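Contents: one structure, followed by commentary.
The values are calculated or read from the model by the stated rules, or taken from the named source; none is laboratory data. What you see is a predicted model, and the numbers here were worked out from it, not measured in a lab. Cβ: placed from backbone, ideal geometry, glycine included. Neighbour counts: every protein chain shown. The accessibility values were calculated without ligands, DNA or RNA, using every heavy atom of the protein model including side chains. Shrake-Rupley method; radii C 1.70, N 1.55, O 1.52, S 1.80 Å.
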Amino acid sequence: MRDVTLLDIYEHHIAQKYLKRSGMAHAIAVAYHAFQLAKKHNVDVDIAAKAGFLHDIGHFTWYRNGKWDYELYRKNDIHPIKGAERAHKLLIRLGENPVQAKATSLAILFHTDSFLPSNDIVRTPLQKVVKWADEKDEEEGGKHHYRKIDQERAKQSIIRLDKMIDEELSKGKDSGETSLPI
């Protein structure tokens with residue numbers, strides 16, 4: 001049994017505030033992609049889905065003259081740093097296992113190279129999965145952050161993914177297998 005579900009995260013007011021800002025539809029899509037990629041690469045599906053869901057929780061809105069400025073964002077944004085911290089704090093408050101909260105936060109920190117001075121980071125399998133999941137859902141010019149999803153549909157998508165995670169984790173227990181934690 002998991003300490004914290006995606007639904008627990010989704011229903012928290014902090015997650016609602018920041019995930020709506022960065023795009024709830026994108027967050028959910030990346031969580032689904034992360035789940036599928038985690039299964040394929042033998043990575044913990046629970047941690048991968050949570051990191052995928054929360055990967056953009058650190059976004060700041062970069063506006064100039066009342067309009068989103070994508071170039072300003074690209075030059076100055078450090079959302080993975082803020083997101084890792086914000087996600088860790090949220091997960092701990094919700095009662096997440098501290099080791100899993102840290103692994104989730106580090107996957108969020110390394111989900112993009114956009115804030116790094118160089119591209120020479122060596123990622124863990126979990127961190128690679130979250131990066132690939134985000135890249136799988138990206139649209140040119142950051143348009144993926146503006147896709148809309150109805151609140152009820154979002155909630156039902158999260159509930160469905162929680163069930164998929166539980167089923168996958170129970171398969172591992174039944175067979176005696178364990179997936180890589182990070």
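GNM on the chain, alpha-carbon springs under 10 angstrom: the most fluctuating residue among 79, 26, 41 is 41. Take the solvent-accessible surface of the protein heavy atoms, probe 1.4 Å, and return the percent of it on the chain that carbon and sulfur atoms account for. The computed percentage sits at 53.
Report the Rg/Rh value for region 1-97, based on alpha-carbon coordinates and the Kirkwood definition of Rh. Each step should come with its number before you reach the end.
Working: Rg = 14.3 Å, Rh = 14.1 Å.
Result for region 1-97 is an Rg/Rh of 1.01.
The residues of region 1-64 expose on average 37 square angstrom of accessible surface per residue, using a 1.4 Å probe on protein heavy atoms.
Could you give the size of the charge dipole of the chain about its Cα centre, using +1 on the Cβ of each K and R and -1 on the Cβ of each D and E, expressed in debye and rounded to the nearest 20? Walk me through the numbers on the way to the answer.
Working: 29 positive and 27 negative charges, 87 e Å.
Using Cβ point charges on Lys, Arg, Asp and Glu, the chain gives about 420 debye.
Over 28 Å apart at the Cα level, from the set 20/89; 102/148; 143/171, are 102/148; 143/171.
In terms of packing, defined here as the mean over residues of other Cβ atoms within 10 angstrom, the peptides 90-101, 48-59 line up highest first as 48-59, 90-101. Projecting the Cα atoms of 78, 90, 141 onto the charge dipole of region 72-144 (Cβ charges, centred on the Cα centre) puts 90 farthest toward the positive pole.
Only helices enter this figure: runs of n ≥ 4 DSSP H residues, each worth -39500 (n - 2.57), summed and divided by the residues of the chain, yield -20000 deg cm²/dmol at 222 nm to the nearest 500. In this simple spin-label approximation, residue 123 and residue 65 carry label points 7 Å from Cα along the Cα→Cβ vector, and these lie 3.6 nm apart.
Enclosing the Cα atoms of the chain in their convex hull gives a volume equal to 107 cubic angstrom per residue.
What net charge do the residues around residue 138 carry, taking every other residue with its C-beta under 14 Å from that of residue 138, with Lys and Arg at +1 and Asp and Glu at -1? Around residue 138, the charge tally is -2.
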